[in-house]
Amino acid sequence: MQLHPTGADPTQQALLVCRNARFNLLVIAAALWVLPGFFAWQAFPWYVVYPSSGLALLITLPIVSAWRRRGRAANWVLAVLPDAVWLNLRDCEYADAEPGESVVSLPWGKIEKACQTTHRYSTSGGDGDTSHKDVYLEFSVSPETALEVRAALQAERKLRTKEHRYLWGGVTVSQGAIKRQPIDVADESTVRVKFSSGTYGLSPGTKQALAAMADYVVIAESGESALGDWHSLEDPDFDKLVLDLIEDGRDIEAIKLLRGRRDVSLTEAKAFVDGVRQRLHE
């Protein structure tokens, strides 16, 4: 395994490149304007139309900014080359963070096998439980390689991002430390790429990626795991689900689960999530 500096780009020579999809952001932005548009169409009073439009605009600006970032060269996660698979540990949403060693090349000889794994689980929602289906592409590697990748991920989490200003500096949005990473280490010998997790998704999908790798590495059968109802999970499984959500940057879902299962206040749940994230950074 070899680490490369932030900005290293192997995509020009790659046989296949998987990037963070952009289309879903446009769908979210369009959905934000449905309610203000309905209010305007039904001739609601200005004190209803204007505030709803202003709120939609404030939320849309960061979404459009993220859509633009996903159109840049930094938006790649996995690249298949004849000699190695390259992984970008840094999501393009954090492309402006401090430079580091955020690109990894794994020679095919260091990978025992590759496969698709699907995880199904549920989380607490405002009007009932929500079912999730997360899809990963997993590489079986040596424990030493997994530790090296884990160390590189931890180093990334310590880096800071820049502030973004909107409306001529009137609105400032700070992402703080890096929260979401497209790569993680599932266990002592598995490095996995998040292809579909929450509102996050890569394109092309796992089938195309595995097909491009078939000449270089053993492709194992797809696997699937289901945690079932979060109400009935054993404590270790529940704790792992909460930790996975926090590592994936899905703090709101983790807080909802904690409140639903542990019967704690919003302040206590948020403090717990913040504490876990702080330990991850350290």
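I'd like to check something: does the range 37-50 contain any residue that is open to solvent by less than 80 Å² (accessible area, probe 1.4 Å) and touching a Pro at 6+ places or on another chain (Cβ under 7 Å)?
Scanning the range 37-50, I find at least one residue that is open to solvent by less than 80 Å² (accessible area, probe 1.4 Å) and touching a Pro at 6+ places or on another chain (Cβ under 7 Å), so the answer is yes.
Which one of 232, 222 is out of contact with any helix residue (DSSP H, G or I) (no Cβ under 7 Å at 6 or more places or on another chain) and more than 21 Å from residue 184 (Cβ to Cβ)?
232
Could you list, in sequence order, all residues of the range 186-226 that are over 19 Å from residue 114 (Cα atoms) and open to solvent by 70 Å² or more (accessible area, probe 1.4 Å)?
Selection gives 199, 226.
Quick check on the range 138-146. Is at least one of its residues of a type in the set (A, V, I, L, M), touching a residue at least 24 places away in the same chain (Cβ under 8 Å) and open to solvent by less than 30 Å² (accessible area, probe 1.4 Å)? If you could, list the steps in order and put the result at the bottom.
Kept after step one, since they are of a type in the set (A, V, I, L, M), are these residues of the range 138-146: 141, 146.
Next, from what is left, pick out any that are touching a residue at least 24 places away in the same chain (Cβ under 8 Å): 141, 146.
Remaining after also requiring open to solvent by less than 30 Å² (accessible area, probe 1.4 Å): 141, 146.
Scanning the range 138-146, I find at least one residue that is of a type in the set (A, V, I, L, M), touching a residue at least 24 places away in the same chain (Cβ under 8 Å) and open to solvent by less than 30 Å² (accessible area, probe 1.4 Å), so the answer is yes.
Hey, could you check the range 232-260 for residues that are among the basic types (Lys, Arg) and surrounded by 17 or more Cβ atoms within 10 Å (Cβ to Cβ) and say which is farthest from residue 150 (Cα to Cα)?
256
The values are calculated or read from the model by the stated rules, or taken from the named source; none is laboratory data. Treat the numbers as computed from the prediction; the structure is a model and nothing was measured. Glycine also receives a Cβ, built like all others from the backbone with ideal geometry; neighbour counts cover every protein chain displayed. The protein model used for the area step is the full one, side chains on, heavy atoms only, and it has no ligands, DNA or RNA in it. Shrake-Rupley method; radii C 1.70, N 1.55, O 1.52, S 1.80 Å.
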